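Visitor: The structure's right below; bear with me while I get my questions together.
The values are calculated or read from the model by the stated rules, or taken from the named source; none is laboratory data. A quick note: this is a predicted structure, and the numbers were derived from the prediction, not measured. Here the Cβ positions follow ideal geometry from the backbone for every residue, glycine too, while neighbour counts run over all protein chains shown. These accessible areas exclude ligands, DNA and RNA; they are computed on the full protein's heavy atoms, side chains included. Shrake-Rupley method; radii C 1.70, N 1.55, O 1.52, S 1.80 Å.
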Amino acid sequence: MAKFITLEGIEGVGKTSNLQYVKTLLEAAGQQCVVTREPGGTELGEALRGLLLSHSDDNMSADAELLMMFAARAEHLNKVIRPALENNQTVLCDRFTEATYAYQGGGRQLDVDKISKLETWVQEELRPDLTLILDAPVEIGRARAGRRSEPDRIEKEHDDFFQRVRKTYIKLAQRYPHRICLIDASVELEAVQVQIHEKLREYEILLS
Ligand code: T5A
């Protein structure tokens with residue numbers, strides 16, 4: 001049966017690298033997969049991503065940032081995620097609403113009730129079946145991300161911001177253990193993938 005699976009974590013922990021690994025495992029097991037990302041995944045979503053991550057407005061208000069994340073998400077759900085699930089395709093998404101709780105709730109310290117109301121409005125009952133949070137110390141994520149490209153508008157935030165983001169992710173995994181789990185992403189890639197494989201079995205996404 002089609003599942004909705006998301007990968008999360010602070011910058012540079014390996015979400016993009018491991019999303020491809022999950023896709024390979026699921027396709028080998030006969031599941032059709034759609035790989036997508038947030039913010040993004042649609043024409044409007046990618047345009048909003050450009051505005052959110054570029055330095056064209058470094059003083060964007062936290063409320064505007066939050067609303068743009070959910071505007072992109074509403075479009076993504078209507079045009080990509082819900083149609084794929086209805087078509088029996090598993091959706092693998094690089095970040096989703098847990099990122100909003102972690103970055104806008106934890107990082108920007110916005111009122112969690114605002115996020116929760118938007119989540120209910122935009123998603124109704126839909127939540128990911130499984131969220132893999134790749135967890136690693138901020139220094140490790142930053143070092144890996146820094147090797148790849150110049151920091152975008154959010155990556156340029158200070159370490160305190162990312163410590164709060166990481167802490168919020170850990171709390172989410174503690175609060176919703178039936179659908180969110182932590183993966184130790186501080187170790188080498190092969191060891192991260194062993195853990196991911198185990199979790200896909202444990203949460204019955206993979207049956208063997
Ligand atoms: N955002 C997003 C919000 O604020 N709110 C929201 O609601 C949403 C949805 C999106 C930004 O938007 C914010 C969060 C983000 O700031 P993004 O591109 O999705 O940006 O996120 P990034 O974290 O910036 O993506 P990155 O590509 O930087 O990180 P990844 O995908 O976690 O890491 P990846 O796979 O590209 O790997 C980075 C490097 O590390 C190596 C890889 O080879 C690569 O070179 N690597 C490892 N090296 C050693 N050991 C391992 N285990 C490794 N795993 C990967």
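Visitor: Residues of segment 86-98 being open to solvent by less than 10 Å² (accessible area, probe 1.4 Å) and part of a helix (DSSP H, G or I), which ones?
Guide: T97, E98
Visitor: Can G106 be described as more than 29 Å from E204 (Cβ to Cβ), touching a residue at least 12 places away in the same chain (Cβ under 8 Å) and not aliphatic (A, V, I, L, M)?
Guide: For G106, the condition - more than 29 Å from E204 (Cβ to Cβ), touching a residue at least 12 places away in the same chain (Cβ under 8 Å) and not aliphatic (A, V, I, L, M) - is met.
Visitor: Considering G41, G105, G14, G9, which residue is within 13 Å of the ligand (Cβ to nearest atom), more than 30 Å from A191 (Cα to Cα) and not charged (D, E, K, R)?
Guide: Testing whether each residue is within 13 Å of the ligand (Cβ to nearest atom), more than 30 Å from A191 (Cα to Cα) and not charged (D, E, K, R) leaves just G105.
Visitor: Based on this model, can you work out whether V165 counts as within 16 Å of the chain's Cα centre (by Cα) and either among the hydrophobic types (A, V, I, L, M, F, W, C) or modelled with pLDDT under 95 (or both)?
Guide: Spelling it out, V165 is indeed within 16 Å of the chain's Cα centre (by Cα) and either among the hydrophobic types (A, V, I, L, M, F, W, C) or modelled with pLDDT under 95 (or both).
Visitor: Could you list, in sequence order, the residues of segment 1-30 that are outside any helix (DSSP H, G or I) and open to solvent by less than 40 Å² (accessible area, probe 1.4 Å)?
Guide: A2, F4, I5, T6, L7, E8, G9, I10, E11, G12, V13, G14 - these are the residues of segment 1-30 that are outside any helix (DSSP H, G or I) and open to solvent by less than 40 Å² (accessible area, probe 1.4 Å).
Visitor: Tally the residues that are under 14 Å from T100 (Cβ atoms) and in contact (Cβ under 8 Å) with a residue 24 or more places away in the chain, restricting the search to segment 46-66.
Guide: Residues meeting the conditions: 6.
Visitor: Same structure, new question: Which helices (runs of 4 or more DSSP H) does segment 114-208 wholly contain that include 3 or more residues that are open to solvent by 60 Å² or more (accessible area, probe 1.4 Å) and of a type in the set (K, R)?
Guide: By residue number, 138-148, 159-175.
Visitor: Please pick out the residue among R82, R49, R37 that is basic (K, R), touching a Cys at 6+ places or on another chain (Cβ under 8 Å) and open to solvent by 40 Å² or more (accessible area, probe 1.4 Å).
Guide: R37
Visitor: Examine segment 22-30 for a residue that is within 15 Å of the ligand (Cβ to nearest atom) and either under 11 Å from the mean Cα position of the chain (by Cα) or not hydrophobic (A, V, I, L, M, F, W, C) (or both), and state whether such a residue exists.
Guide: yes
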